[in-house]
Amino acid sequence: MLSPVRLISEAAELAAHRHNGMSRKGRGKEPYINHLAEVANLLATATDGTDAELVAAGWLHDSIEDTDTTREELAQKFSERVASLVAECTDDMSLLKPERRRRQVIDAPKKSAGAKLIKIADKISNLGARIHSDPTAEERDDLADYADWAEQVVAGCRGGNPWLDTTFDTTVLTARASL
C-alpha cells in the first residue's frame, strides 16, 4: 500500500494525465483538472486530512466515467476502497442525461458513507462553477435547474459530515441569490 501522501499524489497525477485537454462546461472553460482538485480539497478539508483514500477517490471520481480508466486499474494501482468509491460515483453514460440524473437521486441514500461525501463535494464544485456575476438568461436557467437537482441528490447524502452539508447549503444560497 502506498503512503498517504503518495496515494494522493499519484491519484492527482493519474487524474491530470487522464483528463488532459478536457475543460469544464460553462463560461470559463477552465481546465477540468481544476474541478477534480476542488473536489479533492473539499474532501481533505472535510476530513481534516485524515482519509487519504477518500481524497484520492475525489481526484479520481470522474476517471471511469470520462476516460478509459477501469475499476480494476484503480484497485491495482491504489486500493480496493478507492476503486469502489470511484465506481459508486460513476454514472452509466449509456443512459440519457435525464435518466442518469433520476438515478443519482434514487441511488444517493444507498451509497457508502465515503461516496456520499464525494457526491456532496462534487455538487458543491459544480454548483459553484455555475455562479457568475452577470449571468445570461440561459446561465440563470441552468443554475436554477442544477441547484434544484443537486439539492435532491444531496438530500440523500446528508449527515456524514456537517461541514460539507453546511458548505453545500451556503453554495446553494449563493447560487439562488445570484439568480
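Once C-alpha pairs closer than 8 Å and six or more residues apart are averaged by separation and normalised to the residue number of the chain, the relative contact order reads 20 percent. Annotation: amide H of Ser23 within the under-5 Å range of Tyr32, sequence separation 5 or more or interchain, hydrogens built in the peptide plane. Total lysine pairs in region 4-177 at Cα distances under 18 Å, for residues eight or more apart or on different chains: 9.
Our helix-only sum for the chain, with -39,500 (n - 2.57) per DSSP H run of n ≥ 4 divided by its residues, gives a mean residue ellipticity at 222 nm of -21000 deg cm²/dmol.
Given N residues in region 1-147, what is its alpha carbon radius of gyration divided by 2.2 N^0.38 Å?
Working it through for region 1-147, the quotient is 1.04.
Between the C-alpha center of region 46-107 and that of region 114-179 there is a gap of 19 Å.
Bear in mind these aren't lab numbers, they're just calculated from the coordinates by the rules spelled out. All figures in this text were calculated on a predicted structure; none of them were measured in a lab.
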